[in-house]
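In what follows, a single structure is set out as structure tokens and then discussed.
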Amino acid sequence: MINRDIVIIGGGPAGLAAAISCYENGNKDIIILERDNSLGGILNQCIHNGFGLHTFKEELTGPEYAARYISQVHALGIDYRLNTMVIDINKDKVISSINETDGLMQIQAKAVILTMGCRERSRGALNIPGYRPAGIFSAGTAQRYVNIEGYMPGRQIVILGSGDIGLIMARRLTLEGALVKMVCEIMPYSGGLKRNIVQCLDDYNIPLRLNHTVTKIYGKERVTGVMVSEVDENRQPILGTEEYVECDTLLLSVGLIPENELSRKALVKINAKTQGPEVDECLSTSIPGIFAAGNVLHVHDLVDYVSMEAALAGKNAVKYVNGLFKPGFSIIIEAKNGVRYTVPGTINPNNAEDITVVRFRTGDVYRDAYLSVYLDDERVTHLKKRILTPGEMEQIIIPKKWFAERPNLQKITIMVEKE
Amino acid sequence: MVYNNNEISVYKGGMVMYDIVIIGAGVVGSSIARVLSKYDLKIAVMDKEADICEQTSKANSGIVHSGYDAHVGSMKAKMNLRGSKMMESLCKDLDIPYRRNGSLVLAFSKTDLPKLEALKDQGDANGVEGLQILSTEEVLLMEPNLSNEVTNALYAPTGGIVDPFKLTIAQAEVACQNGVEFKLKTKVIDVEKHDDYFIIFTDKGEFKTRILVNAAGVYADDVNNQLSAYKLKITPRKGEYCLFDKQVGNIVDKTIFQLPTALGKGVLVTPTPDGNLLVGPTANDIIDKDDISTTAEGLKSVIDRARKSVKQIPMGFVITAFAGLRATEQNGDFVIGEAIDVPNFFNAAGIESPGLTSAPAIGEYLGAMIANRLNAIEKSDYIKTRTDTVRFESLSLADKANLIKENPEYGKIICRCELVTLAQIKDAIHRPLGAKTIDGIKRRTRAGAGRCQGGFCSPRVIEILAKELHLDPREVAKSDSNSVMLIEFDKDSL
């Protein structure tokens, strides 16, 4: 058994930022465990630009953004293991991992930071009827084939779901000579960023069919086509709107699921809405000393926010190891009226930073609405928003001074209001 | 492997003469091949698909039925009972997952109690051991997640679950290691009866055989009807299923049936030997013998009907849906044995449910009959057991550590969801009748069978298949040569 102060599970953007933050906050006894053969996570296959506008004030590609953190990890001499799969974490923070050279490696950690990221929803999760031929890919898998492996998934493409990876892949495949026939989105709005709809679809005349879904897959061996139907307000296909679209490939960009199988093994409490751990203001999970950040916690829209969040988790892991957490009453943050969830879900004022950033997504599109914060029954924030959409993460700043001014505060409510 | 030189087993006009040719490399064909492989005979198994276990055998419930369903005295009853009895020791020999988890048939109204009792009487008459009628309280004590609407249930402690892929593949491997030739991607076009042999015309040439065995699944009527005046008619009866994440695999422990209907055993809810939850099947007679597409109505009906049995069906945890075809013969029973008007032509036709359970028994029954016909002699070097690919995920930490020490490739995880290692995938490729396709790897190792359905591992599986089989990645297919996954960049051809 090896002893380490802090073990970081996953060397993607969240893990890298968490590790650097641990180091900068004074703890060097850290190790990153990464299952892939390089650090950087999914950024390595995101060769498009648009990363780092907030963090570095410039437009980087995914690999460039990752490289800034990786070189810092190298410069600081932070320890990491590649090709290393964590197969178990228990609530006592013993981490079991395996790789080809070390075999089974067990580490007793004082603190753990979960940064495992997320995975794509598969066709099965959608229950799309039809055959099960070759030619159905999740958008991220197709991205890996094109950008890393150097192969095309097909020539005539239909994309189901307008998540960001799907939009990015519509452009990428078009640039590589494929015909992207349409992007179908079952919802009346896109799940992706506005800028991606403009830059990846509109600029290439790729139609975005809102309120449309794929209702059947054809082709016994390889995809030969799909049936596309319009859906009603209950997202049920409308009879008579079926359109057969010939294609050899169906790409799915239908949502991301935080990968919390390990968190569950450690008995970390999972939030049903985010599919990620429930965390407090320090990004501490229900198991003391286990922290979470990045897409394993909730699916982000921009990597910059992942890095910021992970840095906070790193800082707090160091604080935890140093025994600096103060007990205290936790104020509940309630998500209401169109706010689907909040991260964090509670704030203990004794451990809160000067400002706490509360991140969340709305459950629907709202135009010219207000984002409001109530401290118990008192409205303290009333922000006019031209548009709120589920595709973009929102945030609210909670300054610490609010708590000092209101020692009996029980609940913070964040909601969308019409006026 | 040395064959005895049966006088006829020589080349005649360029055509190989076999003692036995089995058409169909599903679970039935593989069972028959395994049993006959212990004799000194020249045997071939032919299948149109690129792998064994490609049709009905790959898409069914994976249930070892206890045997109360089949009519007393029927071939189904006989084979079911025998198969159920054989299964445990056979699975031990084959080193494959099997669990006797028991089954329950639920009734939802007191007026159904007589039907349940009739089922029990039929089971008792068939020789099923330990059948018991339970009250609501007893049922819910056993399975707390079942619906409160349950009024009674028939409990069959001998019911079990088995991995249907492994039951097929493992038996084929045993046959193969004992010298049976597997001619895959070989489509039988025609069969012709001669005085003391048959000629089989295939897309890969012609073959002669003294004994012909028909285990052609939904196509078994086509084969039979070319030779026999006693025509069969097999209707594909489609069954659709939903498979759920292992996280919800323990909602039920036993296999949960509802009272059977005219079309079959109804929708069941069961754990699988690997810990998933399986719900299905529907039962719809169709025409196209290759139509294994799922339908919106079918999947909805599966879930609606399963909701009757179980309090909550965790729809958020569905990982895939699939459909399979039962080979339903019009007379309702298995057709097993020598055709009355065609000596040396043996049918294993109409093998619908409980076909998986019955397969080992059908192998034993027909095997004995055919060996007797040929006066076959048992080989001295027959090997009845085989070792499965390591199931890494289920090993203890210490066993995992030791294995990696022996072979570091057990330390390289390829499939994250099911914890499948490089060593397992290479073993699946290089063992007898090894995997050549992505689906073949999935069925042998479970790589790609988990919650992400190959999202993460399929690029790596393609890479490993290409490397080990000396293929270009663009030649690696999902299931056959028309199901390739990747193509080249347009720029490559510039």
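Points worth noting:
- If you go through the stretch B:255-275 and keep only what is over 11 Å from B:Ile63 (Cα atoms) and surrounded by fewer than 24 Cβ atoms within 10 Å (Cβ to Cβ), you end up with B:Gln258, B:Leu259, B:Pro260, B:Thr261, B:Ala262, B:Leu263, B:Gly264, B:Lys265, B:Gly266, B:Asp274, B:Gly275.
- Residue in the stretch B:468-480 that is of a type in the set (Lys, Arg), in a helix (DSSP H, G or I), within 23 Å of A:Tyr218 (Cα to Cα) and within 11 Å of chain A (Cβ to nearest Cβ) present: yes
- Any hit, the stretch B:282-299, residues being more than 17 Å from B:Val105 (Cα to Cα) and more than 23 Å from the chain's Cα centre (by Cα): yes
- Of all residues in the stretch B:112-136, those that are in a strand (DSSP E or B) have Cβ atoms under 8 Å from Cβ atoms of residues that are among the hydroxyl-bearing types (Ser, Thr, Tyr) and modelled with pLDDT of 95 or more, 6 or more apart or on another chain, in B:Gln132/B:Tyr155; B:Ile133/B:Tyr155; B:Leu134/B:Tyr155.
- Filtered residue count, the stretch A:284-306, keeping only those that are surrounded by 23 or more Cβ atoms within 10 Å (Cβ to Cβ) and aromatic (Phe, Trp, Tyr): 1
- Subset of the stretch A:390-413 (residues that are under 16 Å from A:Ala352 (Cβ atoms) and not in a loop (DSSP other than H, G, I, E, B)): A:Gln395, A:Ile396, A:Ile397, A:Ile398, A:Pro399, A:Lys401, A:Trp402, A:Phe403, A:Ala404, A:Glu405, A:Lys411, A:Ile412
- Scanning the stretch B:361-369 turns up no residue that is over 25 Å from the mean Cα position of the chain (by Cα) and in a helix (DSSP H, G or I).
- Residue within the stretch A:220-236 that is touching a helix residue (DSSP H, G or I) at 6+ places or on another chain (Cβ under 9 Å) and either at pLDDT below 95 or within 30 Å of A:Ile148 (Cα to Cα) (or both) present: no
- Positions within the stretch A:325-348 being part of a strand (DSSP E or B), within 14 Å of A:Lys411 (Cα to Cα) and not hydroxyl-bearing (Ser, Thr, Tyr), in sequence order: A:Ile331, A:Ile332, A:Ile333, A:Glu334, A:Ala335, A:Lys336, A:Ile347
- Among the conditions (1) over 22 Å from B:Thr320 (Cα atoms); (2) in contact (Cβ under 8 Å) with a residue 24 or more places away in the chain; (3) in contact with a strand residue (DSSP E or B) (Cβ under 8 Å, 6 or more places away or on another chain); (4) more than 7 Å from chain B (Cβ to nearest Cβ), A:Asp102 misses just one, which is (2).
- Selection count, the stretch B:147-195, where residues are touching a Leu at 6+ places or on another chain (Cβ under 7 Å), closer than 23 Å to B:Gly29 by Cα and polar (S, T, N, Q): 1
- Within the stretch A:1-114, strands (runs of 3 or more DSSP E) holding 1 or more residues that are farther than 20 Å from A:Glu309 by Cβ and among the charged types (D, E, K, R): A:2-9, A:79-81, A:85-89, A:103-114
- Residue under evaluation B:Cys417, criteria (1) within 14 Å of another protein chain (Cβ to nearest Cβ); (2) out of contact with any strand residue (DSSP E or B) (no Cβ under 6 Å at 6 or more places or on another chain); (3) in a helix (DSSP H, G or I), criterion not met: (3)
- Within the stretch B:124-135, restricting attention to residues that are in contact with a strand residue (DSSP E or B) (Cβ under 7 Å, 6 or more places away or on another chain) and buried (at least 16 other Cβ atoms within 10 Å of the Cβ), the residue that is farthest from B:Val105 (Cα to Cα) is B:Val128.
- Single residue of the stretch A:142-170 satisfying the filter (more than 14 Å from every other protein chain (Cβ to nearest Cβ), out of contact with any helix residue (DSSP H, G or I) (no Cβ under 7 Å at 6 or more places or on another chain) and not in a loop (DSSP other than H, G, I, E, B)) that is surrounded by the fewest Cβ atoms within 10 Å (Cβ to Cβ): A:Val158
- Within the stretch A:408-417, the presence of a residue that is at positive phi and modelled with pLDDT of 95 or more is excluded.
- Residue match in the stretch B:8-21 (condition: modelled with pLDDT under 95 and hydroxyl-bearing (Ser, Thr, Tyr)): yes
- Some residue of the stretch B:209-221 being in a strand (DSSP E or B), under 24 Å from B:Val139 (Cβ atoms) and of a type in the set (Ser, Thr, Tyr): no
- All conditions but one from (1) outside any helix (DSSP H, G or I); (2) outside the structural domain of B:Phe108 (by TED's automatic domain parsing) apply to B:Asn224; the one that does not is (1).
- Of A:Glu281, A:Glu309, all but one fail to be buried (at least 24 other Cβ atoms within 10 Å of the Cβ), under 29 Å from A:Glu59 (Cα atoms) and either among the acidic types (Asp, Glu) or touching an Asp or Glu at 6+ places or on another chain (Cβ under 6 Å) (or both); the exception is A:Glu309.
- Being buried (at least 19 other Cβ atoms within 10 Å of the Cβ), aliphatic (A, V, I, L, M) and within 18 Å of the chain's Cα centre (by Cα) is a description that does not apply to A:Ala317.
- For the stretch B:425-463, a residue qualifies if it is more than 18 Å from A:Arg123 (Cβ to Cβ), within 13 Å of chain A (Cβ to nearest Cβ) and touching a strand residue (DSSP E or B) at 6+ places or on another chain (Cβ under 8 Å), and the qualifying residues are B:Thr437, B:Arg460.
- Qualifying residues in the stretch B:95-111 (those that are part of a loop (DSSP other than H, G, I, E, B) and at negative phi) - the one surrounded by the fewest Cβ atoms within 10 Å (Cβ to Cβ): B:Ser109
- Here the strands (runs of 3 or more DSSP E) wholly within the stretch A:223-284 that include at least 1 residues being under 29 Å from the mean Cα position of the chain (by Cα) and free of Cβ contacts under 8 Å to residues at least 24 places away in the same chain are A:225-230.
- Identity of the residue in the stretch A:26-69, of a type in the set (Ser, Thr, Tyr) and either surrounded by fewer than 17 Cβ atoms within 10 Å (Cβ to Cβ) or free of Cβ contacts under 8 Å to residues at least 60 places away in the same chain (or both), that ends up nearest to B:Phe456 (Cα to Cα): A:Ser38
- Filter result for A:Val380 (within 21 Å of A:Asp301 (Cβ to Cβ) and not in a loop (DSSP other than H, G, I, E, B)): no
- Pairs, first under 20 Å from B:Arg373 (Cα atoms) in the stretch B:339-352, second modelled with pLDDT of 95 or more and of a type in the set (Asp, Glu), C-beta under 6 Å, six or more apart: B:Phe346/B:Glu338
The values are calculated or read from the model by the stated rules, or taken from the named source; none is laboratory data. What you see is a predicted model; the values in this text were computed from it and never measured. Cβ coordinates were reconstructed from backbone atoms using ideal geometry, including for glycine residues, and neighbour counts include every protein chain displayed.
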